[in-house]
Amino acid sequence: MNAIEIRGLEKHYPGFDLQLDLSLPQGCILGLVGENGAGKTTTIKALLGAIRPDAGSLSVLGQPVKEENAALRERLGVVLDDPGYPECVTARQLGGIMAGVFRNWDKASFAALLKQLAIPEGKAFKDLSRGMKMKLSIAVALSHGAELLILDEPTSGLDPVVRDEVVELFSEFTRDEQHAILISSHIVSDLEKLCDYIAFLHRGRLLLCEEKDRLLEEYGLVHLSRADFAALDSAAVIGSRRSPYGVSAVIRRDAVPAALPVEPVSIEDLFVLMIKGDAE
Amino acid sequence: MKGLLKKDLLMIVKYCRFLVLMCLIFAVMSGFSAEEDGSGNFFFLVYPVLLGSIMPITLMSYDERSHWDLYCSTLPLSRKTVVNERYLLGLLCFLAFFAVTMLSQAAALLPRGRGAELGDLVGVLGLIGLLPPAVMLPICFRWGVEKARILYYVLIGVMVAGGLIFSQELMLTGAMQLGGAAWLVPLLALLLFAASWYLSIKLYQKREF
């Protein structure tokens, strides 16, 4: 069963249209990459029932997404870019509030996570740093037996040490094969560490969705002179960047001559060059 | 709903404690300011009840600022539950300040043999306390507090102007002129409040975040 199934999703706003098909297999982590305004948050909102799609069907953990599906939401752990907690509450008080919201609230697990992540229990939410706020939000998401985490930019604004800590928590979560994560981020390096699948969103369209390892196997990076680049089969080129020294291009490994020196491509380069190629 | 109530009570304690204290003082003072001739300070009389009943709107504005609405829509709570909690809280706040005001008025009026006026006060305070949230809450739930705030200022203006023009005495006289039908006023206010509750559920179910 897929943890997430999006079929023919359409959402139209003035100046922006989202059209998307996407699925996330159970037990996997899918990273949603895209520039600002690409449609990542809109996709997540549609999955959470916070907005109504104009067309298409969405199902989460085998159940159709509806605004009123409280039973389904018990099984979701959600972290939003802006956590949304009242500014005045402390982590301890937040635990008390959530105990009255989630049937399966695990007080002991929440307390352990606060300790593990060194989150001060008695400090008001507004007085916490951005990193602490996100860690608190993650602690809440992991303290009620969620099977699927839906995370919107959970690592943005965090320093590398905290990011590493958070990424480790997510990896631990997916050790259970019934668990899955959908994570959107600008920080592609985090997704590269964490994800099994990567989906590129650009201007409301899915550019590609592929297993990360396969992406890294299929695509490579070449640095060529302009003349050598011009001689390449255009179908082999996914995206390119011109500089005074030549051209850097992401290519399909199987579509270029074997003698061509091809470097491994990072997900970040792949995404940036694909977008640039699209823009050009 | 337990979690939502807990959150809102924490927010009242943190953000609104001075307002609550001030309302309690005003509610008690309303009794002291009741004059022999039936007049008194109308402001002290209505302010606590009015402020108490719109407490949910005050909290909603804090929630909007912290983007709680979107996060709340991801929690295992139906939209109906979210609306129910806010109306229940508004009703509880209204009843708390209403009770203190009525007790204070009873302490002032009963020794003077004017207990009959208490019945009229129920109507006046019921209307003043329940009408503003009944009008504003559906707008808050559908379009947010900012838009409802404009209406709030208009309503407050109308009520203050009403208080200045007609005074407590005149309003009470008006209520007394209703005679046996005076009980209709709070009943009407309650009916409006109930209709507003139902409308808010319907409107909030259509809200996108």
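The table that follows gives values for the structure above.
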quantity	calculated
For chain B, the longest site-free run once GluC sites (Glu not before Pro) in DSSP loop states with at most 16 other Cβ atoms within 10 Å are removed	B:37-207
Radius 12 Å from Cβ of A:GLY131, net charge of other residues (Lys, Arg +1; Asp, Glu -1)	+1
Hull volume in cubic angstrom per residue (convex hull over the Cα atoms of chain B)	108 Å³
Choice from B:MET136, B:MET22, B:MET55 with maximal GNM fluctuation in chain B (Cα, 10 Å cutoff)	B:MET22
Antiparallel bridge percentage (DSSP; both residues within region A:2-203; nearest 5)	45 percent
DSSP bridge orientation in the protein assembly as shown - percent antiparallel, rounded to nearest 5	65 percent
Between helix B:17-32 and chain B: long-axis angle, C-alpha atoms, 0 to 90°, nearest 10	20 degrees
Chain B: angle of helix B:184-205 to the longest principal axis, Cα-based, in degrees nearest 10	10 degrees
Loop-located GluC sites (Glu not before Pro) in region A:168-265, at most 10 other Cβ atoms within 10 Å (DSSP)	A:GLU177
Pair-distance profile P(r), taking every C-alpha pair of the protein assembly as shown, with 10 angstrom steps and integer %	4, 17, 22, 19, 14, 11, 7, 4, 2, 1, 0
Average beta carbon contacts from partner chains per residue of A:58-69, 10 Å cutoff	1
B:PHE209 long-range amide H proximity, modeled H, under 5 Å	A:ILE51
Entries in A:LYS212/B:LYS80; A:LYS45/A:LYS135; A:LYS11/B:LYS80; A:LYS135/B:LYS6; A:LYS123/B:LYS202 that, when Cα-Cα distance is taken, lie over 30 Å	A:LYS212/B:LYS80; A:LYS123/B:LYS202
Phi-based couplings in Hz for region B:82-94 (Karplus 6.51, -1.76, 1.60; Gly and Pro marked x)	4, 5, 4, 4, 5, 5, 4, 4, x, 5, 5, 5, 4
Note, ³J(HN,Hα) from phi for region A:169-177, Karplus 6.51, -1.76, 1.60, rounded to Hz, x at Gly and Pro	4, 5, 4, 4, 4, 8, 5, 7, 5
Positive minus negative residues near A:ALA3 (Lys, Arg vs Asp, Glu; Cβ under 14 Å)	-4
Placed amide H near A:SER23: partners under 5 Å, 5+ positions off or other chain	A:ILE6
Other-chain or far-sequence residues with amide H under 5 Å of A:GLY239's (modelled H)	A:VAL250
In sequence order, calculated HN-Hα J values of region B:103-115 (Karplus, 6.51, -1.76, 1.60; Hz; x Gly/Pro)	4, 5, 5, 4, 4, 7, 8, 4, x, 8, x, 10, x
Heavy-atom surface of chain B, accessible at 1.4 Å and reported per residue (Å²)	46 Å²
Net charge contributed by nearby residues that have their C-beta within less than 12 Å of A:PRO261 (K/R +1, D/E -1)	-1
Tilt relative to chain A, helix A:130-141 - C-alpha long axis, 0 to 90 degrees, to 10	70 degrees
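The values are calculated or read from the model by the stated rules, or taken from the named source; none is laboratory data. From a predicted model like this one, the values you see are computed outputs, not experimental measurements. Glycine also receives a Cβ, built like all others from the backbone with ideal geometry; neighbour counts cover every protein chain displayed. These area figures cover heavy atoms from the full protein model, side chains too; ligands, DNA and RNA do not enter into them. Shrake-Rupley method; radii C 1.70, N 1.55, O 1.52, S 1.80 Å.
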